[in-house]
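Just so it is clear, none of the values below were taken in a lab; they were calculated from the coordinates. Model, not experiment: these values are computed from the prediction. Cβ sites come from the backbone with ideal geometry, for glycine too, and all protein chains shown count toward neighbours.
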């Protein structure tokens, strides 16, 4: 894989999966940090480029928008629970190897002072990223249901508290972009209206909501949902509950963890069949020890975990603690489950960009940020470009990212 050395370059002879269409034998021109043009290989052959434009032959490889992970706790031994900007920066450095160009570090429910420290760590890292760009904070709680904890710790789950929400928002300096909440909690409507005014995307998750609770939540602006099928009230023929609401309501978007273990592949196929594909977002929900050396102690959310069959389990009781998935692995899995390649890429890029209001990201289109992944026929990442700069090259290591 060649290194890009010029401020303008053109990757040609590529299979472009643009986030809105597939374009075989096409070329993408990048100038500075922006996609300047897309055109066919025939037009590429007719164009005359200045010497300042570097030409790169993709040899038919896939060229996709960079992946956006909107639910990730950690990777490589670094996590948000470290309460450290250095750990967030290490996550940024590692993620381009897995095709990620943007991410929202996800913070667990913790003591208030630790949540504030975790938020401030993320904010401190913003603007200093060596790799994937931080687009804001995702709070997974603390206003969630004790009846649907998953691996969250009950002692840190709280009733709705607008004063606490204001303090968390102040600590973020306006950088909380999303928050997982349980729609059925007392005071949730007031919290939802408060958050919507601030532009926070609210996600129904870790919820024991009835179907009616979910509809009331949608009315208040809770229109996204966290790790579909997991840690939410299950479908029942007399009360569709949270799972049923997501399946029934086309405008209620959802995350999916596509490791084939959190959700059975047949249920993912059902979701894809019944849900508008633009409202499904691939996430990893990956934990701090993801891709960490397996012979070292593993901890997530300050509790010991172990890895078995690609899932992390809490050592104390064997409860599933979370995922070891990466975004590119999730895309590959979706394709193997029968989701069209173009749709799988949209779930990892264009869909989260639209749902979370990320301007000029998530598609390969003129005027968009040059956040691009080059992947081989097996969908292994060969190169990740962020803002027009190589942040990962399979043959050269993590260029511009500490190696």
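Here is how the numbers come out for the structure above:
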| item | result |
| --- | --- |
| Footprinting exposure proxy for 226, 290, 395 (fewest neighbouring C-beta atoms within 10 Å first) | 395, 290, 226 |
| Contour minus Cα-Cα distance for residue 8 and residue 237 (0.36 nm per residue) | 76.7 nm |
| 222 nm mean residue ellipticity, helices alone, for the chain (DSSP H n ≥ 4; -39,500 (n - 2.57); rounded to 500) | -7500 deg cm²/dmol |
| Segment residue 273-residue 112, extension gain: residue separation times 0.36 nm, minus the distance between their alpha carbons | 53.8 nm |
| GNM top mover of 308, 242, 58 - the chain, alpha-carbon springs below 10 Å | 308 |
| Where only C-alpha atoms are counted, convex hull volume of the stretch 1-76 per residue in Å³ | 127 |
| Within the chain, percent of DSSP bridges classed antiparallel, to nearest 5 | 55 |
| Cα→Cβ-extended label distance, 7 Å offset, between residue 261 and residue 24, nm | 3.7 |
| Angle between the chain longest axis and helix 265-274 axis [Cα atoms, degrees, rounded to 10] | 90 |
| Residue 36-residue 158 FRET efficiency (beta carbon distance; Förster radius 41 Å; 0.05 resolution) | 0.25 |
| Rel. contact order, % - alpha carbon contacts under 8 angstrom, at least six apart, the stretch 169-230 | 37 |
| Mean Cα-pair separation over length for the chain, i.e. relative contact order, pairs under 8 Å, 6 or more apart, % | 21 |
| The stretch 154-219-the stretch 63-84 distance, computed between alpha-carbon centres (Å) | 22 |
| Max mean-square fluctuation residue, GNM over the chain, Cα-Cα springs under 10 Å, options 202, 282, 191 | 191 |
| Cα-based radius of gyration of the stretch 67-355 once divided by 2.2 N^0.38 Å, which approximates compact folds | 0.91 |
| 251, 371, 170 arranged by Cβ crowding within 10 Å, fewest neighbours leading | 251, 170, 371 |
| Helix 162-172 vs. the chain, principal-axis angle (Cα, 0 to 90°, nearest 10) | 20 |
| Relative contact order %, the stretch 73-170, counting alpha carbon pairs below 8 Å whose residues are six or more apart | 28 |
| R0 of 25 Å, Cβ-Cβ distance residue 85-residue 170: FRET efficiency to nearest 0.05 | 0.90 |
| Relative exposure of 38, 215, judged by other C-beta atoms within 10 Å (fewest first) | 215, 38 |
| Degrees between helix 327-336 axis and first principal axis of the chain (Cα, 0 to 90, nearest 10) | 90 |
| Scattering profile of the stretch 1-147 at q = 0.14, 0.17 Å⁻¹ [log10 I(q)/I(0), Debye over alpha-carbon scatterers] | -0.76, -0.93 |
| Rg/Rg_globular for the stretch 127-193, with Rg_globular taken as 2.2 N^0.38 Å and Rg from C-alpha atoms | 1.25 |
| Calculated FRET value between residue 196 and residue 147, using beta carbons and R₀ = 22 Å, to 0.05 | 0.30 |
